[in-house]
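To start, the structure itself, in structure tokens.
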Amino acid sequence: MLYLLQVTVYTAAMLLIYNIFLRNKVHHQLSRIFLLLSAVLPLIVPLIQVPILGGQQFAQLEIFQHRLPELIVTAASPNIRSQNGSVPYGWWLYFLVVLIGIVIQARNLFKLRAVIKTSPKKYVDGCIIITESGLGPGSFGNYIFLRGEDDDPVILAHEKSHISMVHTADILVMNLIKTLYWPNLFLHLILKELREVHEFQADSMLIGDKDAYAALLLGETFETKSFTLIHSFIHHPIKRRIMMLKKTGPGSSRTAILKVTTGAILLLSAGILIQSCARKTVVENDEAQIRAKILATPPPPVTSLAANDSVLKFADKLPQFLGDNGSLAAYLQRELHYPQYARTKNIEGRVAVQFVISKTGKVTNPVVVRSPDTSLSRAALEVVAKMPDWQPAEMNDGRKVNMLYTQPITFKLQ
């Protein structure tokens, strides 16, 4: 639900930018592209998160010390279910509305297909004209719908413009997004505005007497029978359409592109930064609240090196894991389990545990150097601290040495 709220806020902000810089401007193709992006980009932006802190430290550790192969730990199933294993009622309701919307869209397509199948047809310049359909004038895909047999050349030219610019694809994509993200009411406004822009584009392609064309629009206003999926020749509000028809000269398209691009980049960048900081704050606050609970049990026994023992980052002969027939991955996969708290809260991420293999082969000084959550830190730290002995690192002269290691462990719900 937080994702849907973010999508709605971003959509509203993009629509605001459009209304400020592009609405009622003669930059029809730019307006069309921006409106489509206003519906698509808000679906992606909430999923982007910029690492705020911690990533740089871990990157440096990977460069200057030996890093073991990464281990991936998965949960049995993604936690979109409640504790008793059932999907929450809110999601059932959400998907029910989505299903109803899909059924309505499919019904409209079937009704349109029935009209196409039963009405007379003729082929003109690669287009299929459906005559005596009772619909239109209008177009859908490669079809042009006429109420009767008369085909006004101006109307046909207008509908051919819709077909050549593939406007139907925009409408189908917008209807799909609107159905899947039905709580976002701003998508309805975007679709309405996009239909207007389509008409402006098609009107602008016509060459001739604009006053006569405006009179034709007024004359057809009360005789056009519309259908939800087709581009009707008459698309209200008619006053705005005639006003746009009278406008001349697109102005500086470069300036318009610069304005809307700058506005969109600033908006989306600010949103990504804010949501990244917010997520980091949520994780930190969540950890602070549960730290006492998670750390209530005694910590695993930790063997420490003497203060004067030196630790090397490389050795001539690397340590060898002795447990599970020498397979460290097999040991970790068997002993490491996804914490229940992290599964419940849908927490996943990468944990890096740094430890030292002492000159006696003991695992010493384990410490978590990177982690998205305390529960994941504790799970990784415990399994590393309980590791069986290793064969220690050696130099060429046979001298055994302490060596530093980092074990990355990625927890993924799926």
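The values are calculated or read from the model by the stated rules, or taken from the named source; none is laboratory data. Since we're looking at a predicted model, the values are computed, not measured. Note that each Cβ is placed from the backbone with ideal geometry, even for glycine, and that neighbours are counted across all protein chains shown. Surface accessibility is based on the protein's heavy atoms, side chains included, excluding ligands, DNA and RNA. Shrake-Rupley method; radii C 1.70, N 1.55, O 1.52, S 1.80 Å.
Out of region 392-410, which residues are assigned to a strand (DSSP E or B) and not acidic (Asp, Glu)?
Quick first cut of region 392-410, residues assigned to a strand (DSSP E or B) only: 393-394, 400-410.
Once the filter is applied, which keeps residues that are assigned to a strand (DSSP E or B) and not acidic (Asp, Glu), region 392-410 yields Ala393, Lys400, Val401, Asn402, Met403, Leu404, Tyr405, Thr406, Gln407, Pro408, Ile409, Thr410.
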(message) Against the definition (modelled with pLDDT under 55 and of a type outside the set (Ser, Thr, Tyr)), how does Arg67 come out, yes or no?
(response) no
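Being at pLDDT 85 or above, within 35 Å of the chain's Cα centre (by Cα) and among the polar types (S, T, N, Q) narrows it down to one residue among Thr360, Thr374, Thr344, Thr364; which is it?
Values: Thr360 fails: within 35 Å of the chain's Cα centre (by Cα); Thr344 fails: at pLDDT 85 or above; Thr364 fails: within 35 Å of the chain's Cα centre (by Cα).
Exactly one residue qualifies, and that residue is Thr374.
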(message) Regarding region 219-239, can at least one residue be identified that is at pLDDT 65 or above and assigned to a helix (DSSP H, G or I)?
(response) no
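Table: residues versus (1) surrounded by 15 or more Cβ atoms within 10 Å (Cβ to Cβ); (2) farther than 29 Å from Ile33 by Cα; (3) in contact with a His (Cβ under 7 Å, 6 or more places away or on another chain).
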residue: Val98; (1), (2), (3): no, no, no
residue: Ile102; (1), (2), (3): no, no, no
residue: Lys111; (1), (2), (3): no, yes, no
residue: Ser119; (1), (2), (3): yes, yes, no
residue: Asp125; (1), (2), (3): no, no, no
residue: Gly148; (1), (2), (3): no, yes, no
residue: Ile163; (1), (2), (3): yes, no, no
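If you go through region 169-209, how many residues are acidic (Asp, Glu), touching a Lys or Arg at 6+ places or on another chain (Cβ under 8 Å) and open to solvent by 50 Å² or more (accessible area, probe 1.4 Å)? Step through it out loud before you land on a result.
Pass one, region 169-209, residues acidic (Asp, Glu): 170, 193, 196, 199, 203, 209.
Adding the requirement that they be touching a Lys or Arg at 6+ places or on another chain (Cβ under 8 Å) leaves 170, 193, 196, 199, 203.
Retained after the next criterion (residues that are open to solvent by 50 Å² or more (accessible area, probe 1.4 Å)): none.
Here the count works out to 0.
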(message) I'd like the residue in region 366-400 that is polar (S, T, N, Q) and surrounded by 17 or more Cβ atoms within 10 Å (Cβ to Cβ) and, out of all such residues, is farthest from Ser310 (Cα to Cα).
(response) Ser375
(message) Residue pairs, Cβ under 6 Å, 6 or more apart or interchain, first in region 342-370 and at negative phi, second at pLDDT below 90 and of a type in the set (Lys, Arg). List them.
(response) Glu348/Lys412; Ala352/Arg370
(message) Give me the strands (runs of 3 or more DSSP E) completely within region 101-144, filtered to those with at least 1 residues that are modelled with pLDDT of 90 or more and within 30 Å of Asn184 (Cα to Cα), ordered by residue number.
(response) 138-140
